[in-house]
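Asks: One structure, as structure tokens, below. Some questions next.
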Amino acid sequence: MLPCCYLAPVSHFSAYYRNDEVRYEVCDHFTKQTLRNRCRIDSPSGPLALSIPIVKTEGKTMMRDVRISDHGNWRHQHWIALESSYRQSPFFEYYADEFAPFYEKKWDFLADFNEELMMLVASLLDICKPVTRTTSYEGDAFAQLPAFEVRPYYQMFASKHGFLPNLSIVDLLFNQGPEGLLWL
């Protein structure tokens, strides 16, 4: 079981790759300030956090019911951040047309957006696994993640601030392309 995260870290995709089947936990209560709506990418000035704004609700809300807010033109800002950080990377141009639609279309639910992004990345890395969603709460998906050490790979800005482990999977994909699978 994996948490359904926004552009999940490399370690999450290591777990994804090493499991025979993948189930996303979407019946737990959404917790603020988690990877469910946040990711970290590399940038010329160091790690950059990107957060998807969500619609505020009363009480506890299951992850599958969390709605995305269009507050602050976040889709445009995230795409510009990805483009400016990775435009010079070896594989950004190769994959840009695959990711761009995610930042053009309005999505209603965070779980749907995250799952579709994760499926895209899996297909780009040639990972073919059956994927399902939980139908009832099965436990803390973050606590159940096995610990995987991320081996260093080429990063655009490593000469400025060293290797940054466990950034978003797009960092590995844009820098290593289909060979990113070798680091999982």
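The values are calculated or read from the model by the stated rules, or taken from the named source; none is laboratory data. Computed from a predicted model, the values in this text were never measured in an experiment. Cβ coordinates were reconstructed from backbone atoms using ideal geometry, including for glycine residues, and neighbour counts include every protein chain displayed.
Asks: Taking the range 64-83, which residues are of a type in the set (A, V, I, L, M) and part of a helix (DSSP H, G or I)?
Replies: I80, A81, L82
Asks: Taking only pairs six or more apart or across chains, which ones have beta-carbon atoms under 7 Å, a first residue in the range 38-52 that is in a strand (DSSP E or B), and a second residue that is polar (S, T, N, Q)?
Replies: Once the first residue is in a strand (DSSP E or B) and sits in the range 38-52, its partners that are polar (S, T, N, Q) give R38/S51; C39/S168; R40/S168; I41/S85; I41/S168; L48/S85; S51/N37.
Asks: Within the range 7-18, is even one residue surrounded by 13 or more Cβ atoms within 10 Å (Cβ to Cβ), among the basic types (K, R) and outside any loop (DSSP other than H, G, I, E, B)?
Replies: no
Asks: Yes or no: A100 within 15 Å of the chain's Cα centre (by Cα) and under 20 Å from I41 (Cβ atoms)?
Replies: Taking the combined requirement at face value, the residue satisfies it.
Asks: If you don't mind, another one. Return the residues of the range 84-126 that are over 18 Å from W74 (Cβ atoms), assigned to a helix (DSSP H, G or I) and either modelled with pLDDT under 95 or not hydroxyl-bearing (S, T, Y) (or both); say none if nothing qualifies.
Replies: Listed by number, the residues that qualify are F92, E93, A96, D97, E98, E115, M118, M119, L120, V121, A122, L124.
Asks: Ok, one more. Could you please give the count of residues in the range 53-63 that are among the charged types (D, E, K, R) and either part of a strand (DSSP E or B) or in contact with a strand residue (DSSP E or B) (Cβ under 8 Å, 6 or more places away or on another chain) (or both)?
Replies: Residues flagged as among the charged types (D, E, K, R) and either part of a strand (DSSP E or B) or in contact with a strand residue (DSSP E or B) (Cβ under 8 Å, 6 or more places away or on another chain) (or both) within the range 53-63 amount to 1.
Asks: So which residues in the range 157-184 are part of a helix (DSSP H, G or I), at negative phi, surrounded by 14 or more Cβ atoms within 10 Å (Cβ to Cβ) and not acidic (D, E)?
Replies: Matches in the range 157-184: A158, H161, I169, V170, L172, L173, F174, N175, Q176, G180, L181, W183.
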